[in-house]
Every structure is written in structure tokens, then in C-alpha cells.
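Asks: Okay, handing you the structure first.
Since every read-out is calculated from the coordinates, none of them should be taken as a lab result. Keep in mind that what you see is a predicted model, and the values were worked out from it rather than measured. Cβ sites come from the backbone with ideal geometry, for glycine too, and all protein chains shown count toward neighbours.
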Amino acid sequence: MKAGSSKQAIGWWMAAIWLGLAAPAPAQPSSEAAVSPKTGLSIGVAPFERVGDVGADVPDVALMLARRLSTLGVARVASPPEIGGTPMADPEARTAAEQAQRGQVGALVVGRTTGLGGKLSIDARLRDGRSGEPIGRRFFVEVARPKELAAAVEQLASQVIAQANEAPAPRSAAPPAPPAPSTPAVASAPEAAAAAAGPGAPETRAAAAAATAPAAGFDSDAPITIKSDVLDVFDEGGKRRFQFVGNVRAKQADLVIRSERLEAYYPPNGSQPDRIVASGSVTMKQAGRVARCAQATFYRKDDRIVCVGDVAEVEQGCDIVRGREIVFHTASQLLKVNGSADVRINPDAEGCGGAPAGTGR
């Protein structure tokens, strides 16, 4: 390749991968079209071979693919660092089976990413986790421009899930869900109201208030599904960020979050997001509660959601809680309101379960 061609390729992909996109591509397909995985599906993504012009920075499509699969409801996703080994586009069956065994998955994706002349091509294939033999046809995706990369990964993820759904039962199922936590001691709704409006009202109302909720356990290991109109991918110093825009719906176990925009943040080499931020008309539903706020941040490792806004509120049956910051502990079902807590308890009210916020005030 000519030196000029190499420089063009380097500048082109560096702009896409390191600086991100100024605006979503209108031609991107909706992530709502993604195929739903069958129950217990487990997929690993092995390190892809990466080849290209001399000095070119070919993006790590394998890690991007693993991260997208982890937000499409796949029960278990093993990332390239978990699979390990030498990047090989077409490994021997025995090698592929060993890689799948390391990742404890029923299917394995192997492939190659090639960047030449300012264009990118992705060639991948699904392997059986038990035998290491190829499953179905090859996947081949071409990317002509950097802003098309996210759509290409989306397309590849849907194809992989569709093909894995048709494959025989996986060699090993997803890890078992942890036992439901015991019911913690939490403040009762009347206690929360007393804390909010009792003696020393200014100080007490500014302190945290708590309310009860059903004691059903939350499965923090359940797969996450995120759908939207548009998906973009950004790389920020090795930490990738998936940005979902338009009619966003995120679900994990019994927790459902709807918003106008959602961003999933991944640690280096991680296949699961450690932080999810929803913004714009956020509505959350879990265990009979409905919460509304301007922005909600889900800290997955802590099983904690922090809702903020001018007026964040939670409704459960006839009870309404408002405050500047509301914290959900999804595993323990504890709800905490910080700052100017306003609690309204209607134990004897009838027919108000579907009443809009503020009714009866």
C-alpha cells in the first residue's frame, strides 16, 4: 500500500474510534430489530485476528460484539479476555472447543477484522462449544465509513444470536442464579412518613426517608436487554460506551427502565456494563413500584439505582414518595429518599392504584 493510503486509513479510523461520532447515522437500523435469544443461551467471543495497512489502528470488533451481545438478553457472554489464546480467524476444532470450555459457553464466535484502504471488513463464524466444529454459514460485514461501525456490530450480533438459537442445546447452561436474599429489616411506610414530617421537620425532612416494597429477590445475574431506535459506540481511553437513543427500553429480571436516551459504560476489557445512565422522561417499574425522574443511574455491582431531578417520585399503590434524590436498592427492595422528602401514605384509600401522581394531595 502507498504511504498516503496508510495515513488516510489511520486518520479515518482514529477519528471514528477515539473521538466518537458527532451525530447518529440516520441510516442505522433500529436495535428493536435484534433477535431475542433463547433461554439459557451462552456465547463466547474469541479474540479476532486484526490485519490492516501498516500503522493502521484496526478496531477491536470482537470486544464490541461481546459487549453488544451482553445487552441483548444472552444469558452468559464470555469476552475475548476471558476466552484468551492467540487470535485466530479459523482455528482447529479442538482449539475452538478448548476456548469455549475456558469461557464455559455453548457457542463460540471466531473471526478476523481487516482494515485496508480506509474500509473495514468483518469475517466471523460461529463454532459449537462442544465439538468446536463450525455452525451454519459465515458472517461477512463490510464497513465503508466509521459511523457505520455500530450498525455493523448490531447486525453481526443479531446474526450470531439467530444462528445460535438454531444450534443444538449448549454444552453448559448459564450459571445458576444466586439464592434470593433474605428479607432485610426496612422502615415501614408509616415510619417513613413520621421521619419526613415528625418533630424537627426541616432537619428530618432533609434526611433520608424509607418506604417498604414487596420482598421478592432481585436476580442481579439475569441477562440485560436494551433496545432503542439508534445505537452508537464510542471509545474513550479504552473504556467503551454504548449510546442508545430513541424509545429506549432496558430490562433485567423484573426491572424495566424506559427513557429517551441511555448510555452503558464498560470497564476496560469488560463484557458487562458496570454503569447504566438513563435520561429524558425516565420511568422505572419494579416489584409493583413506578418511579419517574429526569435521570437514573444504575450501578450494577452495587444493585443500586439513583434517580435525580427537580421532582423525582415513586408510586406504589396509593402511596407516593417524592424527593430530589431517590435511591433504589434492587436486591433488598429498600427505597431511600434524600433531601426534602415528601411522603404521602393512604392506607385506607380505595381505587387509587392507577391515579396520577399527586392525586389526593
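Asks: Calculate, in nm to one decimal, what Asp274 and Thr86 gain on full extension: separation in residues at 0.36 nm each, minus their alpha carbon distance.
Replies: Between Asp274 and Thr86, full extension yields an extra 65.0 nm.
Asks: Give me Asp310, Asp274, Asp235 sorted ascending by neighbouring Cβ count inside 10 Å, so fewest comes first.
Replies: Listing Asp310, Asp274, Asp235 from fewest to most nearby Cβ atoms yields Asp310, Asp274, Asp235.
Asks: Note the full-extension length gain between Ser121 and Arg138 as 0.36 nm times their separation in residues minus their Cα-Cα distance, in nm to one decimal.
Replies: So the extension gain works out to 4.8 nm.
Asks: Which net charge results when you count Lys and Arg as +1 and Asp and Glu as -1 among the other residues whose beta-carbon is under 12 Å from that of Asp254?
Replies: +2
Asks: Along Cα→Cβ, 7 Å out, is where each label goes; now give me the distance between the ones at Val311 and Lys38 in nm to one decimal.
Replies: With each label placed 7 Å out from Cα toward Cβ, I get 5.0 nm.
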